Amino acid sequence: MEYATKRIDHDLISHQVFLEKLYNKNQTTKRIAEEFTESKQVDFIAHLEEHKVPVEFGIGLLTQMALHKRASVPTLVGILRHHFDNSQATVDMIQRCLEIGLVNWDKMTQTFTVIFEIGQAVQDDLDRYQYPLPMVVQPNTVRSNNDTGYLLGSGSLLLKDNHHEDDICLDHINRMNAVRLTLDMDTATMIQNQWRNLDKIKPGEKRYDFERRKKAFEKYDRTCKDVFETLTMHSDSFYLTHKYDKRGRTYCQGYHVDYQGNAWNKAVVQLADKELVE
């Protein structure tokens, strides 16, 4: 099977490596955990050791609370249970963390709430770069279920926890990955992005959840512009990588740049190699 000839530009390759390292550096839980393990203001590790809380568990709890801001008992136990493989032991250790001031308890909402948050600069980087960016060079040819097309590292061509080594159509992934795309910056800057159901609270929705949805959109809209600028810094075109879900449906691996998103997302992404249709 023949695919489009790769465009080789050493400057673009260097920029692509930079983008992939930027993503690896800003994988959410790892980056947040580092904020606590390497903190200069509070020695969290010493505090955990002093109070006989397993360091990995304590840092995990701090990370999850910084990420989610608030969590119910079942939610937090479900997230942290793997540390003990026992729900009651997990509950007991969360209670211990509450007693030593790592988390708050809101009696009114019956939820744990965050005390220690990450810095705004780190949060901004996570918002921009916690998801893999499109590629500014043509993706590598995928030859197994463990290839992704990116230059560094490996992964899975199956979404979520559905990886297997059975046959999947790699040719289709390679064809999709080889399509050169570009951003319509006129649309991106002059047309307002919109998400549905942000004008009012949905039936049965709590005010907190409504405000959270609005903030999520505002953050997404803001960081889209930053990602577009980073992506187009050295090239006016890019490539999206693709994966299968467990039913064999193909999804492009874009978050801020996504031709399968809402109307605005679809309008922003265009084919770079255009042809007149007659």
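Each reported figure results from applying straightforward, stated rules to the coordinates on display, with no laboratory input. Every value quoted in this text rests on a predicted model; they were computed, and no experiment measured them. A quick note on method: Cβ atoms are made from the backbone with ideal geometry, for glycine too, and the neighbour counts reach across all protein chains shown.
Quick notes on this one:
- Helix 120-129 vs. the chain, principal-axis angle (Cα, 0 to 90°, nearest 10): 40
- In straight-distance terms, cross-link reach from LYS266 covers every one of the lysines whose alpha-carbon lies under 17 Å from its own, apart from those fewer than eight places away in the same chain; here that gives LYS225, LYS274.
- Rounded to 10°, Cα long-axis angle of helix 87-99 versus longest principal axis of the chain: 70
- FRET efficiency, PHE217 to GLU50 (Cβ-Cβ, R0 51 Å, nearest 0.05): 0.75
- Estimated [θ] at 222 nm from DSSP helical runs (n ≥ 4, -39500 (n - 2.57)) normalised by residues in the chain, nearest 500: -13500 deg cm²/dmol
- Listed from fewest to most Cβ neighbours within 10 Å, the set TYR208, TYR259 follows the order TYR208, TYR259.
- Normalised radius of gyration (Cα atoms, divided by 2.2 N^0.38 Å) for region 14-55: 1.62.
- Fraction in percent of alpha-carbon pairs per bin - 5 Å, region 28-113: 3, 15, 27, 28, 19, 7, 1
- Restraint check, LYS30/LYS214; LYS160/LYS243; LYS69/LYS219; LYS25/LYS214; LYS69/LYS206; LYS69/LYS214, Cα-Cα greater than 20 Å: LYS30/LYS214; LYS25/LYS214
- Net charge over other residues, Cβ less than 11 angstrom from the Cβ of VAL114 (K, R count +1; D, E count -1): 0
- Nearest-0.05 FRET efficiency for ILE100 and SER144, computed from C-beta distance (R0 45 Å): 0.45
- Charge sum, other residues only, whose C-beta stays under 14 Å from LEU198's C-beta, Lys/Arg counted +1 and Asp/Glu -1: +3
- The per residue volume of the convex hull around the alpha-carbon atoms of region 125-237 is 164 Å³.
- Distance in nm between pseudo-label sites at PHE18 and PHE84 (7 Å out along the Cβ direction from Cα): 4.7
- Positive minus negative residues near TYR129 (Lys, Arg vs Asp, Glu; Cβ under 11 Å): -1
- Footprinting exposure proxy for VAL277, VAL179 (fewest neighbouring C-beta atoms within 10 Å first): VAL277, VAL179
- Ellipsoid semi-axes in whole angstrom, largest first, where each is sqrt(5λ) of the Cα gyration tensor of region 196-278: 30, 18, 14
- Taking the longest Cα principal axis of the chain as reference, the axis of helix 10-25 is set at about 20 degrees.
- Dimensions (Å) - the chain, Cα atoms, principal axes, largest first: 70, 44, 39
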